[in-house]
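Trainee: This is the structure, below, for whatever I ask next.
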Amino acid sequence: MIRKCVPALAALLLASGCDGSSHDRSTAEESPSADVSASASDTASGTPNVDGSSSDPTPTTQEPVEETPTAESATSDTPDSWSGSDATDDDQPAEDGSQDCGSLAGSGTFTDPLQLGVVDGLVTARDCAPLTSGSPFNVRYFSFTLPGTPGTNAHAGASFTLTQDALGPVYPAIVQPNGWVLKHSLGSGYWTGTEPDFTGRYQEISDLAPGTYILRTEKLDSPLHSLSTPSYDVVVDADGS
């Protein structure tokens, strides 16, 4: 069938003709969407899933973060989740101020220290587990609160008995809850006993203001060395008597 051309399109149709086959070709060239959608459907089955919903695990080189005994600072290992409150009504020390180390609240990490509570005299945590090789087993943290000004001979530290199988001393340090180290394990402190048979190491706390502090106890010969400490008692004496 012969089609009549619209006069307004005479110039265009003279160049291309106005028969049915020419019209079909012009329509296909001006409407590429049909070809694009067809191409997409043809290749969909061969396209890998890249939307992140794959069930295969993604490998990573990130190592889990572990606490180290010398990492505390004003900008590292800050105890954001710790409320800073030690005292509880249900965990009071004995009349002589002694408690079993295993019964203290807390896990012994910097952000969740073992809680000695309010110390206005002598408090002792007995039989704390040895500090051994590998982080975080070479360091343990305790928190305590001084309600008033400490006495002249006030001190905090660890008492222990070295043996042939446990030759590593326990070193104490005093740290603020924000991570700032006030008294370093090696930069200050003193021994009790006679070398090599030390019986304890302590930090003077007579110069501390009332408030909450963290006592860091650590094994210093090397975090990964095989040398172990003995079990030890943590001692905080606010009176120094």
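Trainee: In what sequence, highest mean first, do 177-189, 134-146 appear when ranked by Cβ atoms within 10 angstrom?
Mentor: 134-146, 177-189
Trainee: Please report, in whole Å, how far the alpha carbons of region 128-209 spread along each principal axis, starting with the longest.
Mentor: Principal-axis extents of the Cα atoms in region 128-209, largest first: 41, 29, 22 Å.
Trainee: Give me the 1.4 Å probe accessible area per residue for region 91-236, excluding ligands and nucleic acids, in Å².
Mentor: With all protein chains present, region 91-236 gives 44 Å² per residue.
Trainee: Where nothing but the Cβ of Lys and Arg (+1) and of Asp and Glu (-1) is charged, how large is the charge dipole of region 114-241 around its Cα centre, in debye to the nearest 20?
Mentor: Dipole magnitude for region 114-241 comes out near 320 debye.
Trainee: Pop out the carbon and sulfur fraction of the accessible area of region 93-241 as a percent, whole number, probe 1.4 Å.
Mentor: Roughly 51 percent of what the probe reaches on region 93-241 is carbon or sulfur.
The values are calculated or read from the model by the stated rules, or taken from the named source; none is laboratory data. Here the structure is a predicted model, which is why all the values come from computation and not from measurement. FYI the Cβ positions are ideal-geometry reconstructions off the backbone, even for glycines, and counts take in every protein chain you see. To get the accessible areas, we keep the full protein, side chains included, count just its heavy atoms, and leave off ligands, DNA and RNA. Shrake-Rupley method; radii C 1.70, N 1.55, O 1.52, S 1.80 Å.
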